[in-house]
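These notes are about the structure you will find just below.
Bear in mind that the values in this text are calculations on the coordinates, not laboratory data. Source: prediction; values computed, not measured. Note: ideal-geometry Cβ built from the backbone for every residue, glycine included; neighbour counts use all protein chains shown.
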Amino acid sequence: MTTKRKHSPADPHRVLADLRILYGHQKWTQRRKPLDELIYTVLSQHTSDANTDRTFASLKSRFPAWRTVQNASPEEVAEAIKLGGLSRVKAPRIRAILDAIEADRGDLDLGFLERIPMTEARGWLTALPGVGPKTAACVLLFSFGLPAMPVDTHVHRVSKRLGFIAEKLSADKAHPIIESLVDPNDVYQFHINLIEHGRKVCHARRAACATCILNEICPSSTTNAASPAVSPANRPLTDAPKKRSI
Ligand code: SF4
């Protein structure tokens, strides 16, 4: 008889299957066109999804064609995206991205990314000013349906707790590791359901381990008597009341 090691990382295929039961099968459909997705992801940095939606809508309403952003002053672009915060950083970054695309390609069409190997497409995107692995993965996954895994705060946290990655590994460096855990056809599914789980159950604080579908295989589960192989800083808190000092 084999005994499960309590500190082993969770089996990613089991996690994938369990989360699919819980949150359903996610069918890929294109979320936005590639350049829209790229600019949307730049706008999403350090702000909420709802705020990003409003900011993107404001930018598109002021500048319906991306070429017009290139002809606008940084102040005009910053004004159009001020809702999302950090507008004085993001406005010149958006402009620099558009200019770099045009300088390299002669136009603003990113359709070619689908026709080259994914590693090359990722390398091309991350060579753009201010574009990191997460932004590149968002474009590849959401616009082209390619098996790139964006590691946002939820995917990063849940992956650490499940033991998929080392605790101190940065989100940027975690991309290729988490991406390789499942079949390429399941990367989209895995991404969406890990986020869902991070939002609904495995919260940054007060993770609901007692009711979590993964608590028997998760090395960080607070329902496990043995202390998990995760440092206290990264371990979810329990809802046990704190002792009062008298
Ligand atoms: S909620 Fe608890 S058991 Fe579930 S994945 Fe998060 S840390 Fe693990």
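Please rank His156, His197, fewest neighbouring Cβ atoms within 10 Å first, as an exposure proxy. Kindly include the intermediate steps, with their values, before the conclusion.
Details: His156 22, His197 25.
Fewest-to-most Cβ neighbours within 10 Å comes out as His156, His197.
Given a 10 angstrom Cα cut-off, can you work out which residue in Ala210, Ala171, Ala137 is the most mobile in a GNM of the chain?
Per the Cα network of the chain with a 10 Å cutoff, Ala210 tops the list.
Within the chain, which is the longest segment containing none of the trypsin sites (Lys or Arg not before Pro) that sit in a DSSP loop and have at most 10 other Cβ atoms within 10 Å?
Longest site-free region, per DSSP loop and neighbour criteria: 28-167.
For every other residue with a beta carbon closer than 15 angstrom to the beta carbon of Arg67, add +1 if it is Lys or Arg and -1 if Asp or Glu, then tell me the sum.
Numbers: positive: Lys33, Lys60, Arg62, Arg95, Arg105; negative: Asp36, Glu76, Asp99, Glu102, Asp107, Asp109.
In short, -1.
Counting other C-beta atoms within 10 Å, which of Met149, Met118 has the fewest, and how do the rest follow?
Neighbour counts put them in this order, fewest first: Met118, Met149.
For Lys27, go through the aspartates and glutamates and keep the ones whose alpha-carbon is under 15 Å away, minus same-chain ones fewer than eight residues off.
Asp186, Glu196
Order these by the 10 Å Cβ neighbour count, fewest first: Glu216, Glu120, Glu179, Glu196.
Values: Glu216 13, Glu120 10, Glu179 21, Glu196 18.
By the 10 Å Cβ count, ascending, the order reads Glu120, Glu216, Glu196, Glu179.
Under a point-charge model restricted to the Cβ atoms of Lys and Arg (+1) and Asp and Glu (-1), what is the dipole moment magnitude of region 34-144 relative to its Cα centre, in debye to the nearest 20?
Computed about the Cα centre, the dipole is about 280 debye.
Nearest 500 deg cm²/dmol is fine: what mean residue ellipticity at 222 nm does the chain get from its DSSP H runs of n ≥ 4 alone, each adding -39,500 (n - 2.57), divided by its residue count?
Counting only the DSSP helices, I get -14000 deg cm²/dmol.
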